[in-house]
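Encoded as structure tokens, the structure appears first; notes follow it.
The values are calculated or read from the model by the stated rules, or taken from the named source; none is laboratory data. The structure presented is a predicted model; accordingly, all values stated were derived computationally and were not measured. Here the Cβ positions follow ideal geometry from the backbone for every residue, glycine too, while neighbour counts run over all protein chains shown.
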Amino acid sequence: MNDTDGAGFAHYILAMNQTSNAIVAHFRVGALLLCGTLAAPSGLADDSPRTTPFAEAENVNASLSVAVPDMDAAVLSAALTSVRCAHAAGELSSEAPTVVAIIDYSRPSTEERLWVIDLSSHQVLFREHVAHGQGTGGLVATAFSNQPDSHQTSLGLFKTAETYHGKHGYSLRLDGLEAGINDRARARAIVIHGASYATEGFIEKHGWLGRSWGCPAVDKAVSAELIDAIKGGAPVFAYYPDADWQAASPFLSCGAEG
């Protein structure tokens, strides 16, 4: 090999080393990005809009219809629209649990008419019996109110708040989000709690579920677990085909602005 050939060979080795180093560096950066230890450079940034299950609630309607086939489609649609509109209005935090509790008071109390649904996984976490107020009806709910001492259930969208231990044990406070419809929930002490009268055994003995003073009471056997799943700002939607509520609700339709 002459000197010219030696110089050419040296340049070839140098070029190969540089190429090899560049490949190693490329894969190292990729690995760091995947592990979350290095911020993506601007050229690699994901500029797609960030969304939450609350913001996309309307878009998951079809998926949830498959996951919850035994819920009336109109009830599910109304619940998801209310959640989306409330989130758009700033009433629901993106940091809240990504679940929604839906109660269909158009069903008799002997049916399991409370669902807790995970909007991220599209799974039903709970389906339970739930009581309505003494002033709301017997087997079937017929009257709803926001008034103190009415012992009636309120409709519309609520937001879960803090837990506490009271006369019904472990309980969860609710804040009503609809003015004139359910916004007195906290003042009326409308909370989710366990109750011995909200059980399948009570139904078998009496022919209907027991009634509360307006609280959505559930079976004590599941109340603590259910409360822990929805506490801290999750939406609770209480439905009935009440024309006055449907006309007044700010969340059943938010149009293009939502």
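Scanning the range 98-131 for residues that are more than 30 Å from ILE203 (Cα to Cα) and buried (at least 20 other Cβ atoms within 10 Å of the Cβ) yields one hit, LEU119. Residues in the range 81-110 that are under 14 Å from SER249 (Cβ atoms) and touching a helix residue (DSSP H, G or I) at 6+ places or on another chain (Cβ under 7 Å): THR81, VAL83, ARG84.
ALA243: free of Cβ contacts under 8 Å to residues at least 40 places away in the same chain and either on the phi < 0 side of the Ramachandran plot or outside the structural domain of MET71 (by TED's automatic domain parsing) (or both), yes or no? When the stated conditions are applied, ALA243 passes them. Of the strands (runs of 3 or more DSSP E) that lie entirely inside the range 110-216, those containing 3 or more residues that are closer than 24 Å to VAL83 by Cβ and among the aliphatic types (A, V, I, L, M) span 114-118. Annotation: ILE192 fulfils all but one of (1) crowded, with 19+ Cβ neighbours inside 10 Å; (2) touching a Cys at 6+ places or on another chain (Cβ under 6 Å); the unmet one is (2). Criterion first (assigned to a loop (DSSP other than H, G, I, E, B), loosely packed, with under 14 Cβ neighbours inside 10 Å and in contact (Cβ under 8 Å) with a residue 12 or more places away in the chain) does GLU91 satisfy it? It is false that GLU91 is assigned to a loop (DSSP other than H, G, I, E, B), loosely packed, with under 14 Cβ neighbours inside 10 Å and in contact (Cβ under 8 Å) with a residue 12 or more places away in the chain.
Within the range 221-229, the presence of a residue that is of a type in the set (A, V, I, L, M, F, W, C) and modelled with pLDDT under 95 is excluded. Looking at GLU162, GLU200, which is the one that is over 26 Å from ASP244 (Cα atoms), acidic (Asp, Glu) and over 23 Å from the mean Cα position of the chain (by Cα)? Selected residue: GLU200, the only one of GLU162, GLU200 that is over 26 Å from ASP244 (Cα atoms), acidic (Asp, Glu) and over 23 Å from the mean Cα position of the chain (by Cα). Cβ-Cβ distances below 7 Å connect the following pairs, each with a first residue in the range 221-239 that is within 11 Å of ALA161 (Cα to Cα), a second residue that is hydroxyl-bearing (Ser, Thr, Tyr) and assigned to a loop (DSSP other than H, G, I, E, B), and a separation of six or more residues or different chains: GLY233/SER93. Based on this model, can you work out whether GLU200 counts as in contact with a Lys or Arg (Cβ under 7 Å, 6 or more places away or on another chain), acidic (Asp, Glu) and at negative phi? Judged against the criteria, GLU200 is not a match.
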